[in-house]
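Read through the structure below, which is laid out as structure tokens, and then see the notes.
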Amino acid sequence: MFKTSMTIKGLVAGAALACGCIAFQSCDQSAEASAPAASPWARPFPMPHGYWKKTDEFYCFASGGQQGGIYVYGMPSMKLLSEIPIFNVDPRWGWTTSNPEVRELMTSPRTGEVLISGDTHHPVLSRTDGTYDGRWLFVNDKRNARIARMNLETFRTEEILWMENVEGGMHGFTSGPNTKLLVGNIELEAYPAKEIRDYVDVDIDMLKGPYISCVFGVNVAEDGTMKTAWQVWGPWQYDLVRAGWGESDGWFINTAYNTERSVNTVGMFKRPEDYVFYWNIESINRAIEEGKYITSEAAPEVPIIKWSDVDVYAAPCPLNPHGLDIDPTGRYALSSGKATTLIRHYDFRNVMKAIEEKNFIGEEFGIPIMDGAAVSGDMDTGLGPTHIEYDNEGYCYIGYFVDSDVKKVALGDPWDKKHGHEPWTVVDTIPAHYSVGHLMVPGGDTAEPYGKYLVIMNKLTKDTFLPHGPLICENHELYDIETIPAPLIDQMSLPPESHYAQGIPVDLITKRAKKVYDLPEESMTPGVEYDYDNKVAHVKMTAVRSFFTPDMFTVPEGWDVDVELQNIEMSLDMSHGWSLTGYDVMESIDPGENKHLEFTAERSGVFWYYCLWFCSELHMEMRGRMIVIPEDEWSKDLEWSALK
Ligand code: K7E
Ligand code: CUA
Ligand code: CA
């Protein structure tokens, strides 16, 4: 089963796998094949303190999917570090709607509704000159067309942009080579407001479909603030997207699997080929300058442009394409149909030539169609391709859901001088357990990939792990891609369902990561103020091992309570929290952090609040009482200051 050219590294991991055993020491077959010490992936025992911190090379930010946030783990340890809450509520990470700042982020500007769930898909690390810079992480919510921005100093969400004019279905989402412009598209076609329908002027029927959809740009200011720059509406919907760099700088490209404009599965599968679209960003800016746009009543600041007023070109792509990914030079883009074994590589030079020379084989809705064969080449390499990542050695990694493996493919010119293989051939087949979704090479979607590792994000795990009910966890598998064949290093279970992930060198994050918040200059004076006009009790409370001050406060029944909590600890890892019995209020608060919690004291009685974390030997004692007095029994003598 093993090729003779296999390296020691590969042999160790391969043999370990063959007997279903990862611990080399206890595995007879691997002991025969090679001494355990020969593996650079063998772990020391006993485990020295701080081993993972010293050995991890990358942070991996993986979308949580239906979990609504982001998973953070270290690589190659595959140790889960954090879950960044975004579109979900998570008191462990200090993210609940009792906090008015969080609630505001989660309130729809359109409807006023507070949404506490989402579906995160594509994490996007901020970039400078085509490579990650470690400032922010953006991610889109597929369900409700939102984009969040996390600050990587605090690993917390700072901003959520609700995409204007659309109800939902934002899927493809990425950054330009510099994070001044984010681009994305709407996957689920919309039945937009009448003004947009009229302006776009293609057939659309509320009951039968078809519908229309848009691509959008979002400007990111120096401080990270996002603002929708434009929307280009047109007859189709779009799936995944990449913004060009290097040779393709100034363009973005996306796939469309439903060029049939159907509203059901069979209908979306009628054409043997759909499209990859090439969009020129400058032409969009020009359309705005020339006033070729309208705005909607709901979003007067967002220019709505017609697809026919910008430069966009289509190239055929086999049956229902999904992933579309650009190589580090920016020259090649790879995509393929989900239900064919063909993968198509588009050469940006051929695309530009076809556009310049107007070599079109036709048009649809006025969009010129390039000859697919002229701009690209095909490989027949596997079934169910979904996504592609690149390394720094001239290879790409194509994940196949149905084949359940990853094909390592040697790229064409100029990479062939580096890797020495026949271009566009498979040089390694890497098994997946099972059914690859996205896959990730650190920096694998940038102009300068870091390479070294491949994480395969498997959708199905079947019987890989212990049973835990019918909905089964996912499997992130770590491979070493520095050798051919690539050895499997580790497998990591992760709750469902991660879509894309990005890996960034640790020092880009660790040098910025906050350990404690800065306390305000003026220290807080604990106490309670009663606002009789508005029926609000303002409670100022400090938390420090092992006290809340005040540890008792009174409030008339039915009043609103606004607790300003300050954790005055300055020590590493000394988070406290505020958990209120009988109420849906529970929130973590980190060292030096200042936070508001708001709720209504709906029921009279005595309610204990206690610290959330086991912070000290007297953690259990770190508690206090909220006493809610029936309104007709309330008097000013019951105010906190009178009782204390
Ligand atoms: Cu293929 Cu949303 Cu990128 Cu899932 S998407 S896997
Ligand atoms: Cu503070 Cu436990
Ligand atoms: Ca189709």
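The values are calculated or read from the model by the stated rules, or taken from the named source; none is laboratory data. Fair warning: this is a prediction, and the values are worked out from it, not measured in the lab. Because the Cβ atoms are built from the backbone with ideal geometry, glycine has one as well, and the counts that use them run over all protein chains shown. Heavy atoms of the whole protein, side chains included, go into the accessibility calculation; ligands, DNA and RNA do not. Shrake-Rupley method; radii C 1.70, N 1.55, O 1.52, S 1.80 Å.
Points to keep in mind about this one:
- Subset of the range 547-565 [open to solvent by less than 50 Å² (accessible area, probe 1.4 Å) and in a strand (DSSP E or B)]: Phe548, Met552, Phe553, Thr554, Val555, Pro556, Val561, Asp562, Val563, Glu564, Leu565
- Pairs meeting the criteria (first residue in the range 268-283 and free of Cβ contacts under 8 Å to residues at least 12 places away in the same chain and open to solvent by 10 Å² or more (accessible area, probe 1.4 Å), second residue part of a loop (DSSP other than H, G, I, E, B) and away from ligand 1 (no atom under 16 Å from the Cβ), beta carbons under 9 Å, at least 6 apart or on different chains) are Lys270/Glu260; Lys270/Ser262.
- Among the residues of the range 580-613, the ones that are without any contact (Cβ under 8 Å) to a residue 40 or more places away in the chain and either of a type outside the set (A, V, I, L, M) or buried (at least 16 other Cβ atoms within 10 Å of the Cβ) (or both) come to 8 in all.
- Val232 falls short of the stated requirement of being within 16 Å of ligand 1 (Cβ to nearest atom) and not in a loop (DSSP other than H, G, I, E, B).
- Among the numbered conditions (1) within 16 Å of ligand 3 (Cβ to nearest atom); (2) over 28 Å from the mean Cα position of the chain (by Cα); (3) open to solvent by less than 20 Å² (accessible area, probe 1.4 Å), the only one that Phe365 does not meet is (3).
- The listed residue being out of contact with any helix residue (DSSP H, G or I) (no Cβ under 6 Å at 6 or more places or on another chain), over 15 Å from Ala501 (Cβ atoms) and hydrophobic (A, V, I, L, M, F, W, C), out of Leu125, Leu115, Leu137: Leu115
- For the criterion of being under 28 Å from Ile481 (Cβ atoms) and touching an Asp or Glu at 6+ places or on another chain (Cβ under 6 Å), Ser63 fails.
- Residues located in the range 370-399, provided they are hydroxyl-bearing (Ser, Thr, Tyr) and either within 16 Å of ligand 2 (Cβ to nearest atom) or surrounded by fewer than 24 Cβ atoms within 10 Å (Cβ to Cβ) (or both): Ser376, Thr381, Thr386
- Count of residues meeting criterion [surrounded by fewer than 22 Cβ atoms within 10 Å (Cβ to Cβ) and either touching a residue at least 40 places away in the same chain (Cβ under 8 Å) or within 16 Å of ligand 2 (Cβ to nearest atom) (or both)] in the range 326-346: 6
- Residue selected from the range 288-327 under the condition small (Gly, Ala, Ser) and over 30 Å from Asp413 (Cα atoms), by the criterion nearest to the chain's Cα centre (by Cα): Ala299
- Test result for Asp133, within 17 Å of Phe61 (Cβ to Cβ), in contact (Cβ under 8 Å) with a residue 40 or more places away in the chain and within 14 Å of ligand 1 (Cβ to nearest atom): no
- Consider the range 514-546 and keep the residues that are closer than 30 Å to Tyr73 by Cα and assigned to a loop (DSSP other than H, G, I, E, B). The one that is modelled with the lowest pLDDT is Leu519.
- Complete set of residues in the range 123-138 that are open to solvent by less than 10 Å² (accessible area, probe 1.4 Å) and farther than 20 Å from Asp391 by Cβ: Ser126, Gly134, Leu137, Phe138
- Applying a threshold of 6 Å to beta carbon distances and a minimum spacing of six or more residues, or different chains, the list of pairs starting in the range 292-307 at a residue that is in contact (Cβ under 8 Å) with a residue 24 or more places away in the chain and ending at one that is in a loop (DSSP other than H, G, I, E, B) and among the small types (Gly, Ala, Ser) reads Ser296/Ala193.
- Ala333 vs. criteria at pLDDT 95 or above and outside any strand (DSSP E or B): no
- Take the conditions (1) under 14 Å from Ile253 (Cβ atoms); (2) polar (S, T, N, Q); (3) modelled with pLDDT of 95 or more; Ser376 misses just one of them, which is (3).
- Residue that is within 12 Å of ligand 2 (Cβ to nearest atom), in contact with a strand residue (DSSP E or B) (Cβ under 9 Å, 6 or more places away or on another chain) and at pLDDT 95 or above, where the choices are Glu598, Glu569: Glu569
- Looking at the range 155-213, the strands (runs of 3 or more DSSP E) lying wholly inside it that each contain 2 or more residues that are small (Gly, Ala, Ser) and surrounded by 23 or more Cβ atoms within 10 Å (Cβ to Cβ) sit at 170-175.
- Number of positions in the range 477-513 that are of a type in the set (Asp, Glu) and either part of a loop (DSSP other than H, G, I, E, B) or under 22 Å from Glu393 (Cα atoms) (or both): 4
- Enumeration of residues in the range 447-476 that are open to solvent by 50 Å² or more (accessible area, probe 1.4 Å) and under 23 Å from Tyr395 (Cβ atoms): Glu448, Tyr450, Lys452
- From the list Ser77, Ser98, the one residue that fits, being farther than 25 Å from Met457 by Cα, open to solvent by less than 40 Å² (accessible area, probe 1.4 Å) and in a loop (DSSP other than H, G, I, E, B), is Ser98.
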